[in-house]
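Notes follow the structure.
The values are calculated or read from the model by the stated rules, or taken from the named source; none is laboratory data. Keep in mind it's a predicted model, so treat the numbers as computed, not measured. Glycine also receives a Cβ, built like all others from the backbone with ideal geometry; neighbour counts cover every protein chain displayed.
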Amino acid sequence: MVKININRATNIISSVARFSIELLFPSACPLCGAPVSTDGELCADCWNAFDWIGSPRCERCGYPFPANLDLGPHPLCPNCAAGECVLDLVRCACAYDAASRSAVLPFKHSGRIHNANFMSRAMIWALRDTDISPDVIMPVPLAWRRLFHRGYNQATLLARPIANAFGVPMDVASVRRAYRPDMGHKNATQRAENIHGVFTVKHPDKIAGRKILLVDDVMTTGATFKELGRVLKRSGASAVYGVTFCRVVRAI
Ligand SMILES: [Zn+2]
Ligand SMILES: [Zn+2]
C-alpha cells in the first residue's frame, strides 16, 4: 500500500515537474529535441557545434579569413580583388561541415521543413552588419521537375522569413529554371558549365532597376549565384545580393 502511494506520489511529482518544464521551455531544439525557451531556436550545444562565420571575412563575398589575419577595414579576397564576383554582396551564416550538413540534408530531402526557422534566423543575423536594402527577395528557383518530386523549394522556405524581416515582397515567378541532372560532386568548372543557361527571366519588367537579394540553402562553388546574378543583371537589376545558410569553404 505504502509502495503504491510512493509510486503515485512519484508520478504526480514527475508530472508536475514535466508540466513546469513545458511551461518554462515549451519548445524543443529542432536538431536534438532538448528543451529551449524560444520556438525554433537551437539549444546551446547544437548552436556551438556550428562553425558560424564572423569577422574577418571578405567584405564583398563573405569568404572567411583566418582569425589572426588583419587586412584592414575593407578586406577583399583574391577573387573579389580581381573583380570576379558577379554579386554585389554575399553572406553565409556558417561553413558547410558535419553540423550544418545534419541540418541541411534532412531539411532539403526529408521534409524537416521546420529547420527553416533557425536557418533563416541565422541568415538574417549574417546580414546584420551590411547596409543592403533589397527591393525584393528571390529564392533561387528550382526546376519544375525537382519541385514536383520534392514538393517544396527549400530556398522559398528560407526566403519567406527573410522577406518579412526586410519588409519587402518575395519574387518566385520572374525567373524560371530548366531541369539539369544533379551536379553531384562535380568540380567548379563542371558546375559552372552545367548551370550555364538554366535560368530564364520571364518578367524582365519585374527585374529592371530592382535590388534583388537571392536566397539559397548552400553555396558550393558559387556557380549558381554567379549565373543567376549574370542573368538578372543582364535584365537590368541594379544590384544582386546573395545569402545562404552555409557555404563550402575552400582554400583560395
Ligand atoms: Zn540541440
Ligand atoms: Zn570575396
For residue 39, work out the one condition from (1) within 14 Å of ligand 1 (Cβ to nearest atom); (2) crowded, with 18+ Cβ neighbours inside 10 Å it doesn't fulfil. (2)
Residue 109 vs (1) away from ligand 1 (no atom under 16 Å from the Cβ); (2) closer than 22 Å to residue 161 by Cβ; (3) in contact (Cβ under 8 Å) with a residue 60 or more places away in the chain: all pass except (3)
From 102, 110, 133, 120, grab the single residue that is modelled with pLDDT of 95 or more and surrounded by fewer than 19 Cβ atoms within 10 Å (Cβ to Cβ). 133
Within the stretch 34-118, which helices (runs of 4 or more DSSP H) (wholly inside it) include 1 or more residues that are more than 19 Å from residue 249 (Cβ to Cβ), away from ligand 2 (no atom under 12 Å from the Cβ) and more than 17 Å from the chain's Cα centre (by Cα)? 44-49
Selection status of residue 183, touching a Phe, Trp or Tyr at 6+ places or on another chain (Cβ under 7 Å) and either surrounded by fewer than 20 Cβ atoms within 10 Å (Cβ to Cβ) or modelled with pLDDT of 95 or more (or both): no
A careful count of residues in the stretch 42-76 that are within 20 Å of residue 245 (Cβ to Cβ), buried (at least 18 other Cβ atoms within 10 Å of the Cβ) and away from ligand 1 (no atom under 13 Å from the Cβ) gives 8
Kindly indicate whether any position in the stretch 82-98 is farther than 30 Å from residue 230 by Cα and among the small types (Gly, Ala, Ser). yes
So, first residue in contact (Cβ under 8 Å) with a residue 40 or more places away in the chain in the stretch 80-103, second residue polar (S, T, N, Q) and buried (at least 18 other Cβ atoms within 10 Å of the Cβ), Cβ within less than 7 Å, six or more apart or across chains; the pairs are 92/244; 94/100; 103/115
Cβ-Cβ under 6 Å pairs, at least 6 apart or on other chains, the stretch 32-49 side among the polar types (S, T, N, Q), far side more than 16 Å from ligand 2 (Cβ to nearest atom): 37/25
So is residue 167 over 17 Å from residue 244 (Cβ atoms), surrounded by fewer than 13 Cβ atoms within 10 Å (Cβ to Cβ) and modelled with pLDDT of 95 or more or not? yes
